[in-house]
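Peer 1: This is the structure, below, for whatever I ask next.
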Amino acid sequence: MPNKRIKTDCLTNKLTVNLVIYPHVLATGVTLPIEMLLAGEAFARRYDKSVLKLNTQFLSESSVKIKSRAGITMVADITLDSELLVKSAPPDIIIVPSLWRNPRPVLKSHQKLVAWLKHCWQQGSTLIGVGTGVCFLAESGLLDNHSATTHWHYVDQFKRDYPQVDLKPDFFITQSERIYCAASLNALADIIVHLISQHYGKEAAQNVERNFSHEIRKPYEEQRYLEGSGDRHADELIAEIQFWLRTNLNTELTLTEIAKQFGMSQRSFTRRFKSATGVRATQYWQQLRIETAKELLASSNLTIQEIADQVGYQDQGHLTRLFKKDLHLTPKAYRAMVRKKLFS
């Protein structure tokens, strides 16, 4: 399928996001991503007035007014029949939210929307399907022979309706090129944080995450199933080393010594690790330690020094410096923030 891009953020200086609405849509699947994206834009704009201007629109197939499952009436900014839509470039991102219960009646009456989603993807749009909203993407054929996930309650029916889709029900997030699937609202929030990081920077994403969740979350990259990446790469020896690193965080061995332990020179290890995973071994190793430290700070009563020891930093000050660099917080401040949100 074509993978071209008709317009780019850098040319328009806008990030256009369309949120699809239809009968029985779950309103939270529409309102939450908008609020998170707006928060990310606002944070980034405080420090850089030239950041992408967020342009969000509610889109429906034909009806201007749509009543959600909760009885909330939403008004479409644009419909597929609109002349304005025909003349404008495809949106950068399209969010297809979940429906309440059986999506098939709505799918059957919205085939024009299904065709439009396929057209937009072919023109370069990023698509995000949420829960049963993933059925719209499957109906278009875009997910055939690609990975996807959906709400747990609809897994069996989804398998029957779309046998060509490589369904991953054990994952809350899947990513296949520019198509994201989220099995739940929380998974959608994690995808939005990931996209905020891409468009507005890491600090904006961290700020949104702190304000919208208690932040005991694994990084996006560790949660989603991404076709052909992560530990699913073809280099079995590197995958074996990754597993060893995850289970031996407090080792005193250096990466050079670990590579030697697996019969590899440092040069070969460095090259193969980056080639297989897309990140440097030092970066991967450090991020593993920081994420484990975050979990221990939130869920245990260990002292900061004890946590530093458990993740392989004998010097508590080293851990503190890494936290300040990565999160702009000390370990103590991070623990206080997370626990206040958990227990207050």
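The values are calculated or read from the model by the stated rules, or taken from the named source; none is laboratory data. Here the structure is a predicted model, which means the values were calculated and not measured. No Cβ is skipped: glycine too gets one built from the backbone with ideal geometry, and neighbour counts run over all protein chains shown. Side chains included, ligands, DNA and RNA excluded: accessible areas come from the protein's heavy atoms. Shrake-Rupley method; radii C 1.70, N 1.55, O 1.52, S 1.80 Å.
Peer 1: Going by what's in this entry, would L142 be described as touching a helix residue (DSSP H, G or I) at 6+ places or on another chain (Cβ under 7 Å) and at pLDDT below 95? Quick ask: steps written out before the conclusion?
Peer 2: Details: touching a helix residue (DSSP H, G or I) at 6+ places or on another chain (Cβ under 7 Å): yes; at pLDDT below 95: no.
Spelling it out, it is not the case that L142 is touching a helix residue (DSSP H, G or I) at 6+ places or on another chain (Cβ under 7 Å) and at pLDDT below 95.
Peer 1: Something else now. Looking only at residues that are part of a helix (DSSP H, G or I) and farther than 14 Å from T330 by Cα in segment 297-311, which one is nearest to the chain's Cα centre (by Cα)?
Peer 2: Taking segment 297-311 as the starting set, the residues that turn out to be part of a helix (DSSP H, G or I) are 297-299, 304-310.
Retained after the next criterion (residues that are farther than 14 Å from T330 by Cα): 299, 306, 309-310.
On the way: S299: 24, E306: 32, D309: 31, Q310: 29 Å.
Per the criteria, the residue is S299.
Peer 1: Name every residue in segment 163-172 that is at pLDDT 90 or above and either touching a helix residue (DSSP H, G or I) at 6+ places or on another chain (Cβ under 7 Å) or of a type in the set (G, A, S) (or both), in order of residue number.
Peer 2: V165, L167
Peer 1: A further question on this structure: Go over the candidates L137, L167, L185 one by one and state the one that is assigned by the TED database to the domain that holds T28, over 21 Å from F43 (Cβ atoms), aliphatic (A, V, I, L, M) and open to solvent by 30 Å² or more (accessible area, probe 1.4 Å).
Peer 2: Values: L137 fails: open to solvent by 30 Å² or more (accessible area, probe 1.4 Å); L167 fails: open to solvent by 30 Å² or more (accessible area, probe 1.4 Å).
From the options L137, L167, L185, the qualifying one is L185.
Peer 1: Where in segment 17-123 are the helices (runs of 4 or more DSSP H), entirely inside, with at least 1 residues that are over 30 Å from R160 (Cα atoms)?
Peer 2: Values: elements: 28-47, 83-87, 104-108, 111-122.
Passing ranges, in order: 28-47, 83-87.
Peer 1: Next question. Can you name the condition, by its number, that I94 falls short on among (1) in contact with a Ser or Thr (Cβ under 7 Å, 6 or more places away or on another chain); (2) modelled with pLDDT of 95 or more; (3) over 21 Å from H194 (Cβ atoms)?
Peer 2: (3)
Peer 1: To continue, here is another question. If you go through segment 135-151 one residue at a time, do you hit one that is touching a residue at least 60 places away in the same chain (Cβ under 8 Å) and in a helix (DSSP H, G or I)?
Peer 2: Yes, segment 135-151 has at least one match.
Peer 1: Determine whether segment 154-162 contains at least one residue that is at pLDDT 95 or above, acidic (D, E), in the same structural domain as G29 (by the TED database) and surrounded by fewer than 22 Cβ atoms within 10 Å (Cβ to Cβ).
Peer 2: Looking for residues that are at pLDDT 95 or above, acidic (D, E), in the same structural domain as G29 (by the TED database) and surrounded by fewer than 22 Cβ atoms within 10 Å (Cβ to Cβ), one finds at least one in segment 154-162, hence yes.
Peer 1: Filter segment 106-134 for residues that are open to solvent by less than 20 Å² (accessible area, probe 1.4 Å) and in contact with a Ser or Thr (Cβ under 7 Å, 6 or more places away or on another chain); which is nearest to L195 (Cα to Cα)?
Peer 2: In this case the residue turns out to be V130.
Peer 1: Among (1) surrounded by 20 or more Cβ atoms within 10 Å (Cβ to Cβ); (2) more than 26 Å from the chain's Cα centre (by Cα), which single condition is Q316 missing?
Peer 2: (1)
Peer 1: Kindly indicate which of P97, P103 is surrounded by 24 or more Cβ atoms within 10 Å (Cβ to Cβ), out of contact with any Phe, Trp or Tyr (no Cβ under 7 Å at 6 or more places or on another chain) and more than 14 Å from C181 (Cα to Cα). Show your work before the answer.
Peer 2: On the way: P97 fails: more than 14 Å from C181 (Cα to Cα).
Within the list P97, P103, the selection yields P103.
Peer 1: Would you mind finding the one in S68, S82 that is farther than 26 Å from S184 by Cα, open to solvent by less than 90 Å² (accessible area, probe 1.4 Å), among the hydroxyl-bearing types (S, T, Y) and modelled with pLDDT under 95? Even if it seems obvious, please write down each step before you answer.
Peer 2: Values: S68 fails: farther than 26 Å from S184 by Cα.
Just a single option satisfies the conditions, and that option is S82.
Peer 1: Go through segment 272-289 and report how many residues are modelled with pLDDT under 90 and under 18 Å from L329 (Cα atoms).
Peer 2: Residues meeting the conditions: 2.
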